[in-house]
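These notes are about the structure you will find just below.
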Amino acid sequence: MDNANGNFDEMMGAGQRRRGPYNIYGDWIDAQDIKQLRRKSAEAKNFFRRTGITFNVYGDNEAAERLIPFDIIPRIISGREWNKIARGIEQRVRAINAFLYDIYHRQEILRAGRIPLELIADNDAFLPQMIGVSPPGNVYTHIVGVDIVRTGEDEFYVLEDNARTPSGVSYMLENRETMLQMFPELFSKIRVQNVSDYPDNLRRSLADCAPEQCSDRPTIAVLTPGINNSAYFEHSFLADQIGAELVEGHDLRVDNGRIAMRTTQGFEPIDVIYRRVDDNYLDPLNFRPDSMLGAPGMLDVYRAGGVTIANAPGTGLADDKAIYSYLPDIVEFYTGETSLLKNVPTWRCSESNSLAYVVEHIEELVVKEVHGSGGYGLLVGPTSSKSEISQFLKKLKARPGNYIAQPTLALSTVPILTREGLAPRHVDLRPFALVSPDRIRISPGGLTRVALKKGSLVVNSSQGGGTKDTWVLEE
Amino acid sequence: MTLGKTAGGLYWMFRYLERSGNTTRLLDAGFRMSLTRSASAQNEWRSVLETTSATQVFSEHYEEADLIKVIDFLLRDRRNPSSVLSVMKAARENARMSRTALTREVWEAINEAWIQLRALLARPIRERDVPEVLSAIRQQGSLVRGALHGTMLRNDVYNFSRIGTFIERADSTARILDVKYYLLLPSISLVGSAMDATQWEMILRSVSANRSYKWLNGADINPVGIADFLILDPRLPRSLAFCYAKINDNLKYLAKDYGSRCRSHELSDMYLTGLREHSISKIFDSGLHEFIADFIRNNNVLGQHIEEDYRFYK
């Protein structure tokens, strides 16, 4: 495979010499027959289909469940590279929790003038109901996914933090299972750090944050919007793996100051709810009155300490894209250290100088909605048509505060298997961090998402992206 | 601890799975009859529709019943909530909903069954493919049941799956008897034409019992013997007595596990005793048709009580 486009390729670097982490794998793949590999690839697809590892597409009844394309060429990261990333994530996650605690208590960071008040006051993700509430162990974000992109040998950037209900970890685990089944010989040749303890660690993190009154083995439930939700597979997978009940709103009610679920023998209290439902839908008495996805009164029970909700309500504040641009300041404010992981330079369109710059340079920039996710509502300047740009400019000028802009990064590439053999495609990485009162555990690697279309920078599964297994080598 | 929703999901998953197998058995028997005596085939297909409670929905869409229409309607018509395609979809949806209670093998078996059958039933079935398609549907069902028996813990989750299976099966056998009871009345057996013999064989076939009946009785097929076999014989896995012995056992395990009995237990005990104490001559004396109609009603009532006692929905 050659690397003519000048991007940083994680296998080939910037030139023609294979990078160290890919040494053994590279020799192996050179000796493989492409046809054989393509057969393996079809086998993998079949395995995913049989196991039902699917995601749902809304409003598309007949083909409602789809497979996320899986590429069988692993993405390989050295132990040394990973340690750096992991330290950076740990620092960031610690700061995010400290920030959330502060915002919902004394608000020192606002008093110190390090971030503007409007950023909090005008933010829908800020929940006044959470003011003065201290979650067990002061953990707000039990599960965090930090999206990281790479642009060079030593260049890593955080693209965004996912602090509400990050998804994708089931793919990290199933991708590895699939690779273990299909290429056992590679795992005896190459020492890859294990990820299979994630479910046990998740259970531990959740159990460690159970309400104080809960003495023995806490009862944990995963709250899902139901089988039509796009991530339902993941919800049931995680519930199964951590030995939790998988509940929906209609299984729950408030009973004696606790949240209880309807079992075959009556209502039984739940200690910890790992919710995969947004804040707004958790409790029709406190939030959206039309929501059927949560339980009336859940927030009151939570505030009184009758149940732990993970992630805590109101954590969405920390993964807002406008807050993101202040994250280096937030890290410094709470840890006293400079941020180990860099942010992508970000223009806040709410500031008039920045807006002027963004409007002028829009063809080079990526412009994102502050509250958007899933690759929706964004403009990739360099690949957009004139009319798309002018359409977007109208929206931008109408509500500049709703947007941020970033340079179009030259994301690193990793080879994927195509009909013609290996070919480079752009990737990002979502590592997963689990927060307990006493420590933060980060699974080595995470979910690598890959844009399957040549040259494309959009890796979201809803937009034609695929996934890869991510190997972090033992040092 | 099992969620009411999960118990209900598995109960229905196995009812639906059982229903798809029962429908194929009926079609199998009907298909054979239509090959051997096409003259009154129309009536045969009517009775197949009647047995699956599909007559009304069918007549909303078709005037005449013939092989291709009935096969299509009962196997792959989405407008028919009891078509194999509809019930397999529902079985898999219920499995998805209750996935945390199923072993990986059971989940993969039902998922695979759905994937295979959806493809198999994507296009109208040609007459010559009918036997193969019917056997493929039954085979997929067997794979799911095999995974259940081979891998699931014998706990409440298993009990609910089994109860669903046998409530559905009892209903199906009873409906076959309900539609065909007049063929089994003693007055007819006196006449005993060749036509009746084919009809009797069809009844046995529709519960996959023609071979076992012959093992037990040789070539002497008579209506009282068939009724006795299908209603009271505890050895036949599709007889009413067998189904109720299983329902009763599984309810007993639940009572032991949970440490409490409910209304369902009283009913099931009562119905089982009824079946055990009856003789076939007594059933004929007091009216075969009334007996079957009562049974279908009681079986429904028991199903409803199980749903309430174990909080499937509320």
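At-a-glance table
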| item | result |
| --- | --- |
| Complete set of residues in segment B:250-292 that are open to solvent by 60 Å² or more (accessible area, probe 1.4 Å) and within 15 Å of B:I163 (Cβ to Cβ) | B:K252, B:Y253, B:K256, B:D257, B:R261, B:R263 |
| Subset tally (residues that are under 23 Å from A:R439 (Cβ atoms) and touching a Phe, Trp or Tyr at 6+ places or on another chain (Cβ under 6 Å)) for segment A:207-253 | 1 |
| Counted residues, segment A:392-411 - those being open to solvent by less than 20 Å² (accessible area, probe 1.4 Å) and among the hydroxyl-bearing types (S, T, Y) | 1 |
| Leading residue by the ranking (modelled with the highest pLDDT) among those in segment A:224-247 that are within 18 Å of the chain's Cα centre (by Cα) and more than 11 Å from chain B (Cβ to nearest Cβ) | A:E234 |
| All helices (runs of 4 or more DSSP H) inside segment B:39-101 with 2 or more residues being in contact with a Gly (Cβ under 6 Å, 6 or more places away or on another chain) and under 14 Å from B:R19 (Cβ atoms) | none |
| Pair list, Cβ < 8 Å and 6+ apart or interchain, from segment B:95-124 residues that are within 9 Å of chain A (Cβ to nearest Cβ) and aromatic (F, W, Y) to residues that are open to solvent by 10 Å² or more (accessible area, probe 1.4 Å) and not in a loop (DSSP other than H, G, I, E, B) | B:W107/B:R99 |
| Cross-chain or 6+ apart pairs with Cβ under 6 Å, segment A:328-343 first and closer than 20 Å to A:L159 by Cα, then open to solvent by less than 50 Å² (accessible area, probe 1.4 Å) and of a type in the set (S, T, Y) | A:P328/A:S339; A:V331/A:S339; A:K342/A:Y157 |
| Only one of A:G15, A:G26 that is surrounded by 14 or more Cβ atoms within 10 Å (Cβ to Cβ) and either out of contact with any Ser or Thr (no Cβ under 9 Å at 6 or more places or on another chain) or on the phi > 0 side of the Ramachandran plot (or both) | A:G26 |
| Residues of segment B:299-314 classified as away from every other protein chain (no Cβ under 14 Å) and either surrounded by fewer than 18 Cβ atoms within 10 Å (Cβ to Cβ) or not in a helix (DSSP H, G or I) (or both), total | 3 |
| Selected residue [within 14 Å of another protein chain (Cβ to nearest Cβ), of a type outside the set (K, R), more than 26 Å from A:T165 (Cα to Cα) and surrounded by 14 or more Cβ atoms within 10 Å (Cβ to Cβ)] from A:F55, A:F47 | A:F47 |
| Odd one out for A:M261, checked against (1) open to solvent by 10 Å² or more (accessible area, probe 1.4 Å); (2) facing chain B (nearest Cβ under 8 Å) | (1) |
| Residue under evaluation A:D251, criteria (1) within 14 Å of another protein chain (Cβ to nearest Cβ); (2) over 28 Å from A:P128 (Cα atoms); (3) open to solvent by less than 40 Å² (accessible area, probe 1.4 Å), criterion not met | (2) |
| Top-ranked residue of segment A:220-241 - restricted to ones that are crowded, with 23+ Cβ neighbours inside 10 Å and β-branched (V, I, T), ranked as nearest to A:I270 (Cα to Cα) | A:V222 |
| Qualifying residue in segment A:178-194 (condition: within 22 Å of the chain's Cα centre (by Cα) and acidic (D, E)) | no |
| Matching residues, segment A:73-130, being more than 23 Å from the chain's Cα centre (by Cα) and either crowded, with 19+ Cβ neighbours inside 10 Å or among the aliphatic types (A, V, I, L, M) (or both) | A:Y104, A:I109, A:L110, A:A112, A:I115, A:L117, A:A121, A:M130 |
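The values are calculated or read from the model by the stated rules, or taken from the named source; none is laboratory data. Everything quoted here is computed from the prediction, not taken from an experiment. Backbone-built Cβ (ideal geometry, glycine too); neighbour counts: all protein chains shown. In case anyone asks, the SASA skips ligands and DNA or RNA and just uses the protein heavy atoms, side chains included. Shrake-Rupley method; radii C 1.70, N 1.55, O 1.52, S 1.80 Å.
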